[in-house]
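Working notes, structure below.
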Amino acid sequence: MAPVGKLYCVSTMSQTKTIRSVCALAGLELEIPEYKHFSDNKKPEFLAKFPHGKIPALEGANGFNLTEGVPIARYLAGLAPNSGLLGSTPEEVAAVDQWIHFAELEMAMFTDVIIGMVNNYIPYSKGIHTIMAENHLRSLNTLEAHLSTRTFLVSDRITLADITVASVLQRAVGITADAAVRANLINTVRFLETIVHQPKLEAIYGPTEYTEKALQYVPPKKEKAPAPPAASKEKKEKPKKVAEDDDEDDGNLVPEEPKEKNPLELLPKSTFNLEDWKRAYSNKDTRGADGSLEWFYANFDKEGFSVWRVDFKYNEELTQVFMSSNQIGGFFNRLEASRKYLFGSVGVLGQANASVITGVLILRGQESKAAVDCAPDYESYNYTKLDVFGNQEDKAFFEGALAWDLEVDGKKWADGKNFK
């Protein structure tokens, strides 16, 4: 069978999973060409077919072009009427549409707003976060009640409604619908597992990652007032006493379990002083004689510290440069607990709707996780160890990130932040 067309898409998008699942169940061949978002969709030949430059975008073999996830999925399902994906009666057709709209407006929208706020894409508001979370939970409870008496949403077989809801739900359980919420969504989780593990769909959906704790906003830590120069040991311990008193005022009468010592504290003492490096970086020119890079190469301890490249996994979701820069700031705020183990220089490269987030971290030890997993969103980034002494490409990347003149795939440094 000849392909019905080409789908320009990003594989991780829920809309892409829905469209590909329709084709898999309807027995349609669909070509997925190599596509680079924020690059290919800016080219004249792409815009000639899809003027808004948006994906997913279907270039039909018959010359019919279409954008937007649901219309594409519905159109393709209509090419295989015997599949039953759109329903078999006028009532089923209407019910399928109802659940598709429910998935987009009563589920996906709330998840997207929460993600935007906690990642600093949009200004954070506790009140709005609370409302979004409550509305999202209400929607999940509605879905749970409906699924308590049936396997699928509309009929006794899979329809486009099931595929669409499962695509949105798979994203929600990895971000907002945490273990506590899912404990009351037994039928909903069963439904999700049923859809994503269909033999024809399993490879499309991939593994479902269930979060234990919903992604939360972590506000910037307030700066502490400098301690008096001649402060005694007793005075230094006083803030700890105040903190304990505050806990008692909050009604926390059960003693907290002692915190496990960070494994980085157990490493052998290093000759590289991270605080000295931060001062050198702040006070010296980055490049040139007696610059901070020269200081780094002269003092760095390769056994006690390591250098890592960090890359945001979801660059296709980035829009405005200032919003992406705010996201970096939010990530750094959530790394506060690792300030004494970590230095970072991360930036936004490119321009609005065509940017990436990348940079470098200098951290204690030889593994990145121990230094970054204090941030709830650390898994939104890829970490690659760099050899800045033996690999010229790694060295050039490292120096460019520190000097804020890094360029990657034609994208130049637009804005950045340091974690010091």
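General observations
- Judged by the mean number of other Cβ atoms found within 10 Å, the most tightly packed of the peptides 310-316, 273-279, 122-128 leads the ranking 310-316, 273-279, 122-128.
- Net length gained if the chain between residue 420 and residue 109 were fully extended (0.36 nm per residue, minus Cα distance): 108.4 nm
- Angle of helix 109-118 to the longest C-alpha principal axis of the chain, folded into 0 to 90 degrees and rounded to 10: 10°.
- Across the cross-link table entries 313/369; 126/340; 395/420; 284/420, which are compared at the Cα atoms, the separations over 23 Å belong to 126/340.
- Cα gyration tensor shape of region 1-122, rounded if a/c is under 1.5, else prolate or oblate by comparing a/b with b/c: oblate
- Efficiency of FRET from Cβ geometry, residue 64 and residue 43, R₀ 22 Å, rounded to 0.05: 0.60
- Rounded to whole numbers, the Karplus 3J(HN,Hα) couplings from phi for region 407-420 are 9, 10, 6, x, 9, 9, 4, 9, 6, x, 9, 10, 10, 10 Hz, using 6.51 cos²θ - 1.76 cosθ + 1.60 with θ = phi - 60°, and x at Gly and Pro.
- Karplus 3J(HN,Hα) series, Hz, for region 6-16 with 6.51 cos²θ - 1.76 cosθ + 1.60 (x for Gly, Pro): 10, 10, 8, 6, 10, 4, 7, 5, 4, 5, 5
- Backbone amide hydrogens, once placed in the peptide plane, bring residue 5 within less than 5 Å of 31, 61, excluding anything fewer than 5 places away on its chain.
- Protein accessible area in region 39-91, 1.4 Å probe - carbon and sulfur %: 57
- Residue-averaged 222 nm ellipticity for the chain, from DSSP H runs of 4+ at -39500 (n - 2.57), nearest 500: -12500 deg cm²/dmol
- Whole-angstrom gap from region 127-180 to region 44-104, using each part's C-alpha centre: 21
- Amide H contacts for residue 272 (H built 1.01 Å from N in the peptide plane; partners 5 or more residues away or on another chain; cut-off under 5 Å): 301.
- Estimated at 0.36 nm per residue, the fully extended path between residue 31 and residue 141 surpasses their Cα-Cα distance by 35.9 nm.
- Between residue 380 and residue 203, the FRET efficiency from the beta-carbon distance, with R0 = 35 Å, is close to 0.90.
- Packing, as the average of other Cβ atoms within 10 Å across residues, places the peptides 16-23, 201-208 in the order 16-23, 201-208, highest first.
- Stretchable slack from residue 151 to residue 314, in nm (0.36 nm times residue separation minus alpha-carbon distance): 55.4 nm
- Prolate/oblate/rounded label for region 365-420 (Cα gyration tensor, a/c 1.5): oblate
- Listed values [x] 23.5; [y] 26.8; [z] 24.6, entry calculated as Kirkwood radius over Cα pairs in Å: [z]
- Computed over neighbours whose Cβ is under 14 Å from that of residue 40, the net charge equals +1, Lys and Arg +1, Asp and Glu -1.
The values are calculated or read from the model by the stated rules, or taken from the named source; none is laboratory data. Keep in mind that this is a model prediction, so the values were computed, not measured. As a convention, Cβ positions derive from the backbone with ideal geometry for all residues, glycine included, and neighbour counts pool all protein chains shown. The area values use the complete protein model at the heavy-atom level, side chains included, leaving out ligands, DNA and RNA. Shrake-Rupley method; radii C 1.70, N 1.55, O 1.52, S 1.80 Å.
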